[in-house]
Amino acid sequence: MIARPYATARRTLSLSDKLMEINWGLVMLITVIACVGFAMMYSVAGGHLSPWAGKQMVRFVAGLVIMVAIACVDIRTWMEWAYPAYALALLLLVATTVVGKVGGLGAQRWIALGPVELQPSELMKISLVLALARYLHGLGVEEVSSPTKLAIPLAMIGVPVVLVLMQPNLGTATIIGLNGVSLLFLAGLSWWWILPALGGAIASVPIAWRFLHPYQKQRILTFLNPARDALGAGWNISQAEIALGSGGLLGKGFLHGTQSRLNFLPEKQTDFIWTVIGEEFGLIGCIALLVLFAVVIGYGVRIAMSSRSQFGRLLAIGVTLNFFFYIMINASMVMGLIPVVGIPMPLISYGGTAMLSVMVGFGLLLSVHVHRQVEIPRGSGSIL
Amino acid sequence: MPLFDRKDKSRYNVFTRRTLIAGGGMAAVFATLAGRLYQLQIVEGQTFMTRAEDNRVNQRLLAPLRGLILDRFGVALADNRRNYRVLIVKEQASEGVETALENLSRIITLSPEDRERVLRQIRDNRAFVPVTVIENLNWEAFSSINLHLPYLPGIVPDVGETRSYPFGAEMSHIIGYVGAVTEADIKRDPNPLLSLPGFRIGKRGIEKQFDPEIRGSAGTDRVEVNAYGRVIRELSRDPGIPGDNVYLTIDSQVQDVLTRALGDQSAASVVMDVETGDVLALASTPGYDPNLFNVGISETQWRALTTNDHDPLLNKAIAGVYPPGSTFKPSVALGGIEAGFGDLQVFCTGSLRLGDHVFHCWKHSGHGLMTVTTALQQSCDVFFYTMAMKLGIDGIDASTHALGLGQPTGIELPGERAGLIPSPTWKRSVLGRPWEEGETLVTGIGQGYVLATPVQLCTLAARIASGRAVVPRLTRYIGQTPQPHTPAPRLPFSPEAFKLVREGMRMAVNVPGGTAYARRITKPGFEMAGKTGTAQVLRITMAERAAGETRTNGLPWKYRDHALFISFAPVEAPRYACAVVIEHGGPLEPLQVQVAHEALLFTQERDPARLPPAKPATVADLRRTYALK
């Protein structure tokens, strides 16, 4: 039996109340950013809706519906589903490594569920936030740092990270790990844990190197010295830098990016779409987009701060940080600040699973906002 | 304000503090991203713009159309012909490259080597790169391929330009030929045009001498390419400037007559206008087919050319050096008369003794009493031994140099040789031995160290005929620019001296007893004057002479004497000069005189010097010509 310690809602909201409560400004902002993505997909297709922009629009509209639906579901229901969702995601991750379909680059990232191909690691990103939020909701500040209480969330983070690394998918594993650890930090993890852990992480870099796959090592070496392999692995990153850099202040103009149109840019509609923006709209365009992203993150932070429950706060900030990490890793990667990892730009890059997971995340964020007045008593710290 | 229980309040406070820290971290990350953007797009923006442009734009050179080479009346001697060729594009060959070649071979013959080469090039290139299957097709084959094109996917007919030499071997030593560019050519000339695949440059003759002018300036084709090198569109095209036409002084009809007259001898001959120096014909036989070098010469053909003992690749008219023999005598006579020995009389007994040596006349029995004119008529050696002694080697040097020997004439062809007029200084510095007086005697009859080219001998004849220091010239215009041409100055000999020498040369041809009498021109008003010559290839030994051997006709071809002749016509008011050298021609059959006879008779009858020459094409003419193409 699931204990229901949080049944004492201050008030219940009707569906129309909830729809009224949705932060439509945020929804507008998300739509604007998604439209930038459609425009870029239209451009890299040489001024055509097919093959990318049209399909992505349909996905976005579907994502909007899902987002609103999620927003209207009571936050306590999400709290209830947190552990089962995490369990399911973990199961699927294990299944992927066992029976997963071999995807591009020989990495096992996809699993076929009937007609739908699913990337369990995407599901895990959301589920982990949910599960950690629920777990940490039950802990006082002083309890977070107790070794016995801390072991459980560390395992919740570590197991999926290791599984995703085994796929291998360094980028997603990094995001999952960063996301989980930052939630612990926000929940009040003692600096006595944080500082030594940081030191240990830095010290362990040479050891981690030995566990990397050859292609990952290759990427890092190429990153450290792109000229080392200018026509091979360094090609992507140098062409991306040329695309971005050649945009200058104002860019070459919509539909006039030569790097993307002439196929010099790899993966231009997915991971490298940011460079197309840079090429066609220049520094002004890139900064404008960064500002839009910052405003979205600001919304997320404000929603987190306004929630009356620790679960809501952690869920909102977790989802927001997830969004932020996507942007950070993608932008750093295409600008040559970190090695190439396969992380898309949220809302902008072409891709169904990523779009879905981002929209589910925003749905949860909106749900926190709609139900920000809901108080949830601290229950026990038990998992179930 | 929401109500918190106390514990939740503390959690909220911690959360708020930590969120602010996280917010600061996020702001720092965004600032880093913006900074990196600034660095890439503003600081290094210009560099990346250049690199993007380099990526995108591919500049290709376009070969300019090569200038034509035309004779004095505008007849094309080197032309650009349509080159009908067939290309194959792999990605368009829907049934595969091999099937396409198989189908093509039902229309035209394809050698197994061609097929192998095409397949290899297809393998080495990207699928959209056209590969040449076959070139220089005739019109029938080409139109037949065009007709069957719907059944030949991947086959692309194409028309290019290639050099063509309509006169073949006849003009080969004047025009030369174009050939593929070698590594050495590229090292010498850094012009990027030379690296264009299939580009041809002048290798010999006029094609080489005026290659920079005939070549023209490269055009450029700026195209946008994608990451795979496929051309997306043309950005701009500059067709370049076609090369200059070269207008020669040659009259192709005179050249034709002269070449025929030389026949299959290993020989050289030059016909010249004595007033202007215009070279009307310059032949060196045998020639070679210059078209072979353009389309690619086979191993067998090349070996046949290089092993031929008649040396078809050597332009003997400018690069063949021969002892002038008796054709040297008029210049010695001219110098002698000018030095005051015009009334010299010598009694020829058949030989002349000087110290221990006996110098023989070609006529053993002797010529009797000789004057300058009769000595020239009968080519008396003893008279010229005497004249040479009186004039001295320095006098011989001075007069023969004035007549154009011993130095290149400056004719506009590569590889001209200087010949040699020996002098004591020359002998000391080159051979390290002092000059001997006997050598002056031998030099006086054009033997010993003396060497001259046929074009020098023709210049010599022209100078005697005109009394002026005419210089041979081969080109009238390069493009629109007339070649520099100044009237020749008078030579430092008196008119009387010239008159006497010309009279001697007239008698040599037209008076019985003259060495060229048998082949004289009898047509009134067209008579020629001249001087025969024989150059020893082997020295006649004393033993042979004792055995009565003075002629070398019985010897193998290689060791027979060279036969020479210099001449001008008409005798009164000379206008044309001709020099002929037939290698190993032997002295008995005066074929060399016959050649000059035919050439000078034809030239006088046609009289090209008085016909209006072709005017160079104007810019408007050129525009019309190229617009048509």
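Any read-out appearing in this document is the output of simple, stated calculations on the displayed coordinates, not a laboratory observation. Just so it is clear, the model here is predicted, and its values are computed rather than measured. Heads up, the Cβs are rebuilt from the backbone with ideal geometry, glycines too, and the neighbour counts pull from every protein chain shown.
Modelled this way, with points 7 Å down the Cα-to-C-beta line, the labels at B:T481 and B:D185 are 2.3 nm from one another. Seen from B:H584, the other residues with C-beta closer than 11 Å to its C-beta sum to a net charge of -1, counting Lys and Arg as +1 and Asp and Glu as -1. Legend: mean number of C-beta atoms from other chains within 10 angstrom of residue C-beta atoms, peptide B:12-21, equals 5.
What's the whole-number percent of alpha carbon pairs in segment B:350-472 lying beyond 23 angstrom? Numbers along the way, then the final one.
Values: 2817 of 7503 pairs.
So the portion of pairs separated by more than 23 Å is 38 percent.
With 10 angstrom as the radius, rank B:Y576, B:Y151, B:Y449 by how many other C-beta atoms surround their C-beta, starting from the fewest.
Details: B:Y576 32, B:Y151 11, B:Y449 16.
The fewest-first ordering by Cβ neighbours comes to B:Y151, B:Y449, B:Y576.
Exposure proxy shown here: for B:F493, B:F341, the number of other Cβ atoms within 10 Å sets the order, fewest to most, as B:F341, B:F493. The H on the amide N of B:V274, modeled in the peptide plane, is under 5 Å from the matching H of B:Y576, B:A577, each at least 5 residues off or on a different chain. Farthest toward the dipole's positive end in the protein assembly as shown, which of B:L555, B:S399, A:Q119, given Cβ charges of +1 (Lys, Arg) and -1 (Asp, Glu) about the Cα centre? In the protein assembly as shown, that residue is A:Q119. Computed from Cα atoms, the angle from the helix B:381-402 axis to the main principal axis of chain B rounds to 30 degrees. In this structure, B:V57 and B:S195 have a Cβ-Cβ separation that, at R0 = 22 Å, corresponds to a calculated FRET efficiency of about 0.75.
Averaged over its residues, how many other protein chain Cβ atoms are within 10 Å of peptide B:47-57's Cβ atoms? Spell out each step's value before the answer.
Details: counts 4, 12, 6, 3, 9, 14, 3, 1, 8, 6, 1.
Mean partner shielding for this stretch: 6.
The angle between the Cα long axis of helix A:53-72 and the longest principal axis of the Cα atoms of chain A comes to about 10 degrees, rounded to the nearest 10.
For chain A, averaging the sequence separation of C-alpha pairs within contact (under 8 Å, six or more residues apart) and dividing by the residue count gives a relative contact order of 28 percent.
Averaging 1/r over each pair of different alpha-carbon atoms in the protein assembly as shown and inverting the result gives 37.1 Å, the Kirkwood hydrodynamic radius. Derived scalar couplings between HN and Hα for segment B:275-282 equal 8, 9, x, 4, 7, 8, 8, 9 Hz in order, rounded to whole Hz, by the Karplus curve 6.51 cos²θ - 1.76 cosθ + 1.60 (θ = phi - 60°), x for Gly and Pro. Taking 7 Å steps out from each Cα toward its Cβ at A:I66 and A:S14 produces label points 3.0 nm apart. Look at the alpha carbon pairs under 8 Å that are at least 6 residues apart: their mean separation over the length of chain B gives a relative contact order of 14 percent. Using r as the Cβ-Cβ distance of B:L147 and B:T300, and R0 as 30 Å, what FRET efficiency do you calculate, to the nearest 0.05? Approximately 0.30, to the nearest 0.05. Please list, in order, the residues from segment B:304-348 whose amide nitrogen is less than 15 Å from a point placed 7 Å along the Cα→Cβ vector of B:D264. What the label zone holds, given the 15 Å backbone N cut-off, is B:308-312. Computed from the Cα positions only, the extents of segment A:73-209 along the three principal axes stand at 47, 46, 20 Å, in decreasing order.
So what is the relative contact order of segment B:97-181, in percent, for Cα pairs below 8 Å that sit 6 or more residues apart?
Working: 30 pairs, mean separation 27.2, N = 85.
Relative CO of segment B:97-181 lands at 32 percent.
A quarter of the convex hull surface defined by the alpha-carbon atoms of segment B:60-244 gives 12.7 nm² as the mean projection.
Can you give the net charge of the other residues whose Cβ lies under 9 Å from the Cβ of B:A78, counting K and R as +1 and D and E as -1?
Values: positive: B:R66, B:R163; negative: B:D79, B:E207.
Residues close to B:A78 contribute a combined charge of 0.
Quick check: net charge around B:V509, other residues with Cβ under 15 Å of its Cβ, Lys/Arg +1 and Asp/Glu -1? Walk me through the intermediate numbers first.
Details: positive: B:K329, B:R502, B:R506, B:R519, B:R520, B:K523, B:K531; negative: B:E503, B:E527, B:E572, B:E598.
Residues near B:V509 contribute +3 overall.
The mean number of Cβ atoms from other chains found within 10 Å of a Cβ in peptide A:182-190 is 3, as a whole number. Shown here: chain B, whose C-alpha atoms stretch 153, 58, 52 Å along the first, second and third principal axes, sorted largest to smallest.
Can you put B:M26, A:M335 in order, fewest other beta carbons within 10 Å first? Don't skip to the end; give the middle numbers.
Details: B:M26 21, A:M335 24.
So the residues, fewest neighbours to most, are B:M26, A:M335.
Remark: spin-label model distance A:V32-B:R117 equals 6.6 nm, labels positioned 7 Å along the Cα→Cβ axis.
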